[in-house]
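Taking it in order: structure first as C-alpha cells, then the write-up.
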Amino acid sequence: MQLSPRWIAPAAVAVACGFSAVPAAHAETGDAAQADSGGTVAALGGGSGLVLGKSTKCSLTTIGYDAAGRLVGFTAGHCAEAGTAVRGEQFPDAGVVGVVQDSDAELDYAVIEFDPAAVTPLHAVNGSAITGLAGAPPEWSVVCQNGRTSGRACGVVWSSSPVGFTEQACSSYGDSGAPVTFGDQLVGMVSAPLISDTRVLRFSCTDTSNPVHSPVIAVAFDTVRNAVDAGKGVGSGFQPV
C-alpha cells in the first residue's frame, strides 16, 4: 500500500496530548473515482469512504445539518483543501456529491457541504450509530472508531485533553477522519498514528485481531465544532442526523 506524503498530523493535538513528535496521518491515495454519470444517490454517514479530489481516500466523520439548514459533513483536514470535490467511494455513479468548504491544518478538520439532491444522510454505518455529540472521553475509557479501511474497532483511551486524545483502536490507511464514539456519542475524529510507519517497519494496525500497533491520535469533535461555530460559516451550528 502506497504511503502518502500528505499524512500530516495536527501539532496542536499532539502537544495537547503530551507528545512532542508529530506523526503521519491516515489518508490513502489510490485510483480515481469514475467520472460523473448522475442518477445515483450516495448514502453516506459516519464511517463511509470518501474520495477527495482525484484519488485521496478518507473517512467521513459524521453528516448532518448546520444552523442554516445546509447538509454538511466532516473529515480530516489533511485529506483535502477547500474547493476539493468529494465523491462517495461506494457510489462512483453518483459523481461529485459535495465540495470541501473549509480545511484547517492545525486542528486537522475539513468541512464538506453536500448536495442534498445527491446524498442520503445516514446516522448509522456498519453497525455504528451516532445519535449525539459529547466532549473528549476520560482516560481509561473504551471508545470505538469506524473507518472505511479498518471498519469498527474499539480500544482504551490512554490520554485525553479538551483538544484531543490517544486511543488504541485499530486504524490504518484511509481511516483519516473516521468517527470515534463513546457509546453512541461522537467524541472525536481520527487524525494520525502516534508512531508513523517507515519504509522498513509498520506500526499502524494491520488486523483488528492484533493489539500490537501504534495508538491513534484523535481530535476532539467538541473542539472542531467550537472552531467552526466561531467562524460562523458553513457547518456552524452543526447537529448530526
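Read-outs throughout are calculated quantities, based only on the coordinates presented, and are distinct from any laboratory measurement. Because the structure is predicted, anything quoted here is derived from the model rather than measured. Neighbour counts run over all protein chains shown; Cβ positions are idealised from the backbone, glycine included.
Things worth noting here:
- Based on the Kirkwood approach, the hydrodynamic radius assigned to region 95-194 is 14.4 Å, with every pair of different Cα atoms included.
- Note on SER161 and GLN239: the model spin-label points, each 7 Å out from Cα along the C-beta direction, lie 3.2 nm apart.
- Mean separation of Cα contacts under 8 Å (6+ apart) over length of region 185-241, as relative contact order %: 33
- Taking the Kirkwood radius as Rh and the Cα radius of gyration as Rg, region 67-127 has a ratio of Rg/Rh equal to 0.97.
- Ranked packing of 112-125, 136-149, 49-62, most packed first, by mean Cβ within 10 Å: 49-62, 136-149, 112-125
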